[in-house]
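Engineer: Would you mind keeping the following structure in view while I ask a few things?
Every number in this text was worked out from the coordinates using simple rules, so none of it is lab data. What you see is a predicted model; the values in this text were computed from it and never measured. For neighbour counting, all protein chains shown are included, and Cβ atoms are generated from backbone atoms with ideal geometry for every residue, glycine included.
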Amino acid sequence: MNPFTFNTANSIRFGAGMIKQLGEIVKNGFGTRVLLVTDPGMIATGLVEHALAALKDADVEVEIYADVQADPPEHVIQSAADHAVRAKVDAIVGLGGGSSLDVAKLVALLACSNEKLADAYGIGNAKGPRLPLVLIPTTSGTGSEVTPISIVTTGSNEKMGVVSPVILPDVALLDPELTYGLPPQITAATGIDAMVHAIEAYASASPNNNPMSRMLAIEALKLIGSAILTAVHEGTDRQARADMLLGSMLAGQAFANAPVAAVHALAYPLGGHFHIPHGLSNALVLPHVLRFNIVTTPQPYADLAPAAFPELSKLEGQERAAAFCDALAKLALDCGLQPNLRAMEIPEDILPKLAADAMNQSRLLMNNPRPLTEADALAIYQTAF
């Protein structure tokens, strides 16, 4: 067996009503003054009040930074870090979707280490130390609460990543009740995103692809595959919501250690140029990238297919891998997601630019099981159009 490294959050707490334990977790482990990092949408939902009540009950003082944006730009991260420094907080709590959690990770780093954000980009460049960190997801998709990755929008539309075990949280707190109010479109997009994490982790060409990640990826697909349509169309189903949140976390653990590949590389330019939510960007290119990959490397996808779609177990090899691609495309449609780039009002003449930008994601493309050129990327976008 090849050697590998597997890192994850120091502590994971999962369960309905778990948010009520937040105050005691912080007070007993990290201090009595925190910065809560979230976004305006979370404030509007009222979910932040649950966190504030738990912290207040434990006599923990709270500063709030609620200006996180989707696809967070550098200035938002620096503003939040400056807030943490001025407030002299003991710890950082991130509450929300992937953007809020990603910002919280970097705030914990920048407010403590004196590192500059520009120096932290890349793999292993963030050195720390950081402030204590608790992450609380409110969507079932990014898995950010258990990943050593934070994605930042640089310039007008480019995305870069900070990848380091230093930014893994001390505590990932998962409460399915926080996801009950997710609208169907967000439930669908984030759910497909989590499936992509599991699929790409399992098939990753990374030398750190490992048995633990593959096991977690399979279990994630079982949970999400059986729950996603119920969660989308019957959003108050408690079991479906719990399965989605747990599946998302398991997929996060998988790809945190066996990194994702070309699906994400081609999705990022869609988000950067058109501000399409990350999960939807992944869904739009997913079946097309997989159809490209199975030409030379069908087996990982044939292995995975029955986990998400048990009825595919009767097929074998290339046929099963191709059916897996078709089933994923149909699932996105059944969830109510847009079918193609044209439906997102993306002009066809920008496809060459998207392909060129995708090639900048070298840290992701190197993990793809089939080498992919700029011409290949353009052909995939054209098929997805």
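Engineer: Which lysines does Lys27 reach when only Cα atoms under 16 Å apart count, and residues fewer than 8 places away in its own chain are ignored?
Structural biologist: Lys56, Lys88
Engineer: Among 89-96, 42-49, what's the highest-first ranking by average C-beta atoms within 10 angstrom per residue?
Structural biologist: Result, highest mean Cβ count within 10 Å first: 89-96, 42-49.
Engineer: Post the alpha-carbon centroid distance, the range 256-328 to the range 1-52, in whole angstrom.
Structural biologist: 30
Engineer: How far, in degrees from 0 to 90, does helix 211-233 lean away from the longest principal axis of the Cα atoms of the chain, to the nearest 10?
Structural biologist: Once rounded, the angle reads 90 degrees.
Engineer: What aspartates and glutamates could a cross-link reach from Lys314, if we take a straight Cα to Cα line under 19 Å and drop same-chain neighbours fewer than 8 places away?
Structural biologist: Output for Lys314: Asp303, Asp326.
Engineer: Which of the peptides 259-267, 33-41, 334-342 is most tightly packed, and how do the rest follow, judged by the mean count of other Cβ atoms within 10 Å per residue?
Structural biologist: Sorting 259-267, 33-41, 334-342 by mean packing, highest first, produces 259-267, 33-41, 334-342.
Engineer: If each of Ala356 and Val295 carries a label point 7 Å out from its Cα toward its Cβ, how far apart are those two points in nm?
Structural biologist: Going from the Ala356 label point to the Val295 one covers 2.4 nm.
Engineer: Can you show me the helix-derived [θ] at 222 nm for the chain, built from DSSP H runs with n ≥ 4 at -39,500 (n - 2.57) apiece and divided by the number of residues, rounded to the nearest 500.
Structural biologist: -16500 deg cm²/dmol
Engineer: Mind giving me the nanometre distance, one decimal, between the label points for Phe14 and His275, set 7 Å out from Cα along Cα→Cβ?
Structural biologist: A separation of 3.5 nm, rounded to one decimal place.
Engineer: How much length would be gained if the chain were fully extended between Leu229 and Asp67, taking 0.36 nm per residue of separation minus their Cα-Cα distance, in nm to one decimal?
Structural biologist: 55.1 nm
Engineer: Can you tell me the order of 2-8, 148-154, 189-195 when each peptide is scored by its average per-residue count of other Cβ atoms within 10 angstrom, highest first?
Structural biologist: Sorting 2-8, 148-154, 189-195 by mean packing, highest first, produces 189-195, 148-154, 2-8.
Engineer: Using Cβ contacts closer than 10 Å as the measure, can you line up Met1, Met366, Met244 from fewest to most?
Structural biologist: Met1, Met366, Met244
Engineer: Can I ask one more? Below 8 Å, C-alpha to C-alpha, sequence gap of six or more: please give me the relative contact order for the range 11-179 in percent.
Structural biologist: Rounded, it is 26 percent for the range 11-179.
Engineer: How far apart, in nanometres, would the label points at Asp334 and Ser313 be if each is projected 7 angstrom from Cα along the Cα-to-Cβ direction?
Structural biologist: Reported label-point gap for Asp334 and Ser313 is 1.7 nm.
Engineer: In degrees between 0 and 90, to the nearest 10, how far off the longest principal axis of the chain does helix 47-57 point, with axes built from Cα atoms?
Structural biologist: For helix 47-57, the angle is close to 30 degrees.
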